[in-house]
Amino acid sequence: MPEITLYDYHRSTAAYRVRIVLGLAGLSYQSIAVDLLEAEHKSNQHLERNPQGLVPVIEIDGHYLTQSLAIIRYLNSTYQLGLLPDDHWQAAQIEAAAFAIAMDIHPICNLSVMRHATGGEEPARTDWMQHFIRPGLEAFEALISAPDFKQSAGAFCAGAQPSIADICLIPQLYNAKRWKVDYADLPAICAAEIACAELDAFAAAHPDKLI
Ligand SMILES: N[C@@H](CCC(=O)N[C@@H](CS)C(=O)NCC(=O)O)C(=O)O
């Protein structure tokens with residue numbers, strides 16, 4: 001078993017994705033909190049791990065790797081987790097849905113971006129978050145509801161088993177709840193949320209489990 005440390009923050013949705021995948025891989029790891037509110041991610045110590053000054057960072061046998069999706073891809077191929085189908089077209093479709101969250105919703109709603117754009121005070125910050133999260137989730141719902149999206153019958157985004165789309169979705173839903181974005185009318189998303197909640201790896205990765 002490799003020795004793994006996750007430089008983590010409970011509310012970081014990018015770190016939450018990695019916690020889910022570590023759980024799906026059955027890997028034990030040490031979680032070290034990098035407190036974003038205390039700006040620990042901008043400390044020299046953390047910048048040595050990640051020059052971007054972001055979490056998550058994973059340390060595997062003494063080597064650092066940044067970027068949640070790169071970490072997830074690495075774990076998926078190393079431990080054959082089946083988070084993407086072998087068919088290249090189907091895999092690309094699932095990645096497109098995952099990227100709609102990870103590359104479009106998530107960066108705009110990052111703490112530093114939101115603070116820079118709004119000043120970080122209410123009501124501007126909640127308005128900012130709601131403005132981007134709800135349309136982003138509607139687009140995700142449409143993507144995963146397309147007739148050829150599901151690979152098999154089942155409630156996860158792509159069917160019978162969790163994929164990288166679910167791994168990006170569930171932390172984004174946590175974030176949606178935090179900013180009081182209602183998504184109860186989006187049935188495919190709600191079905192995937194229920195299916196994921198039944199898996200220990202998703203439950204154990206929830207931010208409330210870290211505090
Ligand atoms: N693309 C990166 C994004 C990482 C990222 O933005 N992390 C956030 C927490 S979810 C962060 O460290 N934010 C600190 C800040 O905005 O100052 C990834 O997927 O790992």
If you go through the range 1-27, how many residues are open to solvent by 10 Å² or more (accessible area, probe 1.4 Å), more than 10 Å from the ligand (Cβ to nearest atom) and in contact (Cβ under 8 Å) with a residue 60 or more places away in the chain?
3
Complete set of residues in the range 42-84 that are within 13 Å of the ligand (Cβ to nearest atom) and at positive phi
53, 67
Looking at the range 39-52 only, could you name the residues that are crowded, with 18+ Cβ neighbours inside 10 Å and either in a loop (DSSP other than H, G, I, E, B) or over 19 Å from the mean Cα position of the chain (by Cα) (or both)?
46, 49, 50
What helices (runs of 4 or more DSSP H), lying completely within the range 60-137, carry at least 1 residues that are open to solvent by 60 Å² or more (accessible area, probe 1.4 Å) and within 24 Å of residue 201 (Cβ to Cβ)?
68-78, 88-99
Residues of the range 28-38 satisfying the condition of being buried (at least 16 other Cβ atoms within 10 Å of the Cβ) and over 17 Å from residue 208 (Cα atoms):
29
So for the range 119-138 (the condition being away from the ligand (no atom under 14 Å from the Cβ), touching a residue at least 24 places away in the same chain (Cβ under 8 Å) and among the charged types (D, E, K, R)), does at least one residue qualify?
yes
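The values are calculated or read from the model by the stated rules, or taken from the named source; none is laboratory data. All values derive from a computational prediction rather than experimental measurement. Positions of Cβ are generated from backbone atoms using ideal geometry, with glycine treated the same way; all protein chains shown enter the neighbour counts. These accessible areas exclude ligands, DNA and RNA; they are computed on the full protein's heavy atoms, side chains included. Shrake-Rupley method; radii C 1.70, N 1.55, O 1.52, S 1.80 Å.
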